[in-house]
Amino acid sequence: MSEAVRQLNLAGVDAGVICAPVLPEITDRPRDLEALVKAASKAGAKYIFANPLFLKPCSAAVFLPFLEEHLPDLVQFYRTRYADRAFLPKGYGQRLSQLMAALRRKYGIGDQHARSSRAVHMAVAQMELF
């Protein structure tokens, strides 16, 4: 990830990282997300976002057998959390967003890009398609 982000930014392409899906109890530990944001910052990422897993029945049919094989201790946790809905409770997503916002501030990702991106969009007229 780091080298691709670095090379794209060096070539003038605003590149960053979208971490999705974030898997509860697997990839959502604050220290792991901080390591990701830190690495993205070192690579010159212009943005980084994270979105939690949503598990619709078609995805669950593939994901749950994978868990059974590789992380059997988490199968019941996932079956319970996603038993009657595809999305986690709103609070989980809010906590993830708040953590990522704090980490973006800590590692300086996004603030300058957001301002310069708005300025560019305001200065450039929409091109005609036809």
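Computed from the coordinates by the stated procedures, all read-outs in this text should not be read as laboratory data. Keep in mind that what you see is a predicted model, and the values were worked out from it rather than measured. So basically every Cβ, Gly included, is an ideal-geometry build from the backbone, and we count neighbours across all protein chains shown.
With 10 angstrom as the radius, rank 46, 106 by how many other C-beta atoms surround their C-beta, starting from the fewest.
106, 46
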Task: Anchor residue 38: lysines whose Cα lies under 24 Å away (excluding residues fewer than 8 positions away in-chain) - done: 46, 106
- [ ] Note the full-extension length gain between residue 87 and residue 59 as 0.36 nm times their separation in residues minus their Cα-Cα distance, in nm to one decimal.
- [x] 8.9 nm
TODO: Could you pull the Rg and Dmax for the range 58-97, using just the Cα atoms, both in Å?
DONE: 11.3, 31
Open item on the list: For a quick check: with amide H placed at 1.01 Å from N, whose amide H comes under 5 Å from residue 48's, ignoring anything fewer than 5 positions away on the same chain?
Closed with: 17
TODO: Calculate, for residue 42 and residue 71, the FRET efficiency according to 1/(1 + (r/R0)^6) with r their C-beta to C-beta distance and R0 35 Å; round to the nearest 0.05.
DONE: 0.75
Task: Ratio of the Cα radius of gyration of the range 1-96 to 2.2 N^0.38 Å, where N counts its residues - done: 1.27
Open item on the list: How much length would be gained if the chain were fully extended between residue 49 and residue 9, taking 0.36 nm per residue of separation minus their Cα-Cα distance, in nm to one decimal?
Closed with: 12.7 nm
Task: For 107, 82, order by how many other beta-carbon atoms lie within 10 Å, fewest first - done: 107, 82
